[in-house]
1. Just to confirm the number: angle between the C-alpha axis of helix 253-262 and the first principal axis of the chain, 0 to 90 degrees, nearest 10?
2. Between region 159-203 and region 232-295, how many Å separate their Cα centres?
3. For region 202-267, run through the chymotrypsin sites (Phe, Trp or Tyr not before Pro) and keep only the ones in DSSP coil with at most 16 other Cβ atoms within 10 Å of their Cβ.
4. Going by how many other Cβ atoms sit within 10 Å of their own, how do E169, E188 line up, fewest first?
5. Please report the relative contact order for region 164-223, taking Cα pairs under 8 Å with a sequence separation of at least 6, and give it as a percent rounded to a whole number.
6. Once R0 is set to 22 Å, what does the formula 1/(1 + (r/R0)^6) return for the Cβ-Cβ distance between D142 and K75, expressed as a FRET efficiency to the nearest 0.05?
7. Setting aside same-chain residues fewer than 8 positions from K215, which lysines have a Cα under 18 Å from its Cα?
8. Which value in nm describes the separation of the simple spin-label points at Q183 and R109, placed 7 Å from the Cα toward the beta carbon?
Amino acid sequence: MIKEIQVKSVLNKHKKRDDWFLENYTLNPYSGCSFNCIYCYIQGSKYGGDHSNNLSIKVNAPEILIKQLKNRAFKREYGIIVVGSSTDPYLPIEENLGLTRELLQIIYRFKFPVHIITKSNLILKDLDILRKINASANLPSDLKTKLNHNVIVSFSFSTIDNKLAGIFEPGAPSPRERLQTMQKLKEEGFLVGANLMPVLPFLSDTEVNLDKMIKEMKYHDADFVLVGGLTLFGDKSTDCKVRYFEILDKYFPEISDKTRKLFRNSFYPPKNYQQVLSERSEKICRKYGIKNNII
Ligand code: SF4
């Protein structure tokens, strides 16, 4: 079911810039997400809700964004706007609705830089506006010497195996399509990268799998790769933790128990898992000469 909702604010200012995604602001044209990824942290986390059944369109987002950006631009509080921090901005509904497109036009008008996070090739329909933003936005002063681009686009992957992606990301475009779209955007002159988030324990987080994924990102011209582990929340039937283990029991029973052990005490695996993942990713990024951060 798709709802239309009115919002009071659409642009959220962050106190401190995020080191990974460089966000000063976040903006989500939609609430909820029809890509329906099994591991989606929004389902069951503090962000709450059953994403797939509650896709909402923020119908007054354009008028609110004009007010908010006018105010920020007047104070010269330029900063990177991350579009798609909690839901994909290029869901199938965007093709006809064009809400993300309309918001990007406003962002262009007020000269803010963007970092778009998506799994979708629909972003290609907005190349014209993205080119204009890339050519004219104002980066925050401390980033001017570090970033040569005003448009960053990153694509999210939990795997590059199309079959595995079909199980864990049933509504999203295939990894192959994402890779091709990333390459196309690089050819267009944007800064592009891959968010390998979350890599799936025992399925896509192994040294061999990570190596394959990062090699493929390099081959498709990614400027950077960010790697992050899985988090699992909630105990309701629609929550990601419950859904994730249902899928493991059904398709991968051989790793069910050891995955459950990883999440025995928390939403995320123990520190040593994170440490190994981080060292492994750094080593492979070095091997392929690809950055493991944006700047
Ligand atoms: S694309 Fe992102 S927001 Fe949408 S369901 Fe998947 S993980 Fe959640």
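1. The answer is roughly 70 degrees.
2. Value for the Cα centre distance between the two parts: 17 Å.
3. Taking region 202-267 and a limit of 16 other Cβ atoms within 10 Å, the loop chymotrypsin sites (Phe, Trp or Tyr not before Pro) found are F202, F267.
4. E188, E169
5. Relative contact order, region 164-223: 42 percent.
6. Taking R0 as 22 Å, the efficiency between D142 and K75 is 0.85.
7. K184, K186, K283, K287, K291
8. 3.8 nm
Just so you know, all these numbers are worked out from the coordinates, no wet-lab data involved. Keep in mind that what you see is a predicted model, and the values were worked out from it rather than measured. Cβ sites come from the backbone with ideal geometry, for glycine too, and all protein chains shown count toward neighbours.
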